[in-house]
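Please read the structure below before turning to the comments.
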Amino acid sequence: MGLIAMKKLFTALIGLLIVAQIQIAAAAQLQFNYEVFVQNYGWMQSVGNGEAAGTTGKGLRMEALKINLTGGTIEYCVHVQNYGWQPWKSSGEVAGTSGKSLRLEAVRVRLTGDAANQFDIYYRTHVQNGGWLGWAKNGEPAGTTGAGLRMEALQIQIVPKGTAVNRGGQAFYQAKPSGNSKKNDNPEPNIPMI
């Protein structure tokens, strides 16, 4: 290998090292946790990257959630029994209800600003009669709508942009409306009904 080729290789390696260091530094600055309000329990202990929030095997509904992010910006919205999709909330705000005995049925989560350019956010739901569904990504819906099924638990993870993640199957199921529904069941006009 000639001297010029070695210089090019060395320059490329230094460039990769700098990019890796920037991603590691950014990941260290992007900290988050999330907590959920569960039937009969109230607000449960907050958990971090990839941990399950809520319950499984107890038949209890999630009624609200809150996500806290430092070092970036995040938005999330939930689909609530009898109401449909609720407006987007920002870090630290409560999405859903408490004290009304209404189940969460689906969720959408997205990073915004610089965080969205550097990271992907994945999340999945544990749903009544369905168990853990596949991972949704960057604002896609996760859970169910129109089927009357409760969310029981939630997992969220943030990874560097472009990281390969096994999505593990379908993340969202949407029943066709009965025709008399007035709630906001379709999260986006471009997501087809099934």
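For the pair the range 151-172 / the range 68-94, the C-alpha centres are spaced 17 Å from each other.
Note on residue 114 and residue 68: their simple-model spin labels are 2.2 nm apart, each label 7 Å out from Cα toward Cβ. Label positions at residue 147 and residue 82, each projected 7 Å from the Cα along the C-beta direction, are separated by 2.3 nm. Can you pull the Rg over Rh of the range 50-123, Cα-only, Kirkwood? Reported Rg/Rh, Kirkwood definition of Rh: 0.99. Close amide H contacts of residue 103 (hydrogens built in the peptide plane, cut-off under 5 Å, sequence separation of 5 or more or a different chain): 81.
No lab work stands behind these numbers, since they all come straight from the coordinates. As the structure is a prediction and not an experimental result, all values here were calculated from the model. With ideal geometry, Cβ positions are generated from the backbone for all residues, glycine too; neighbour counts draw on all protein chains shown.
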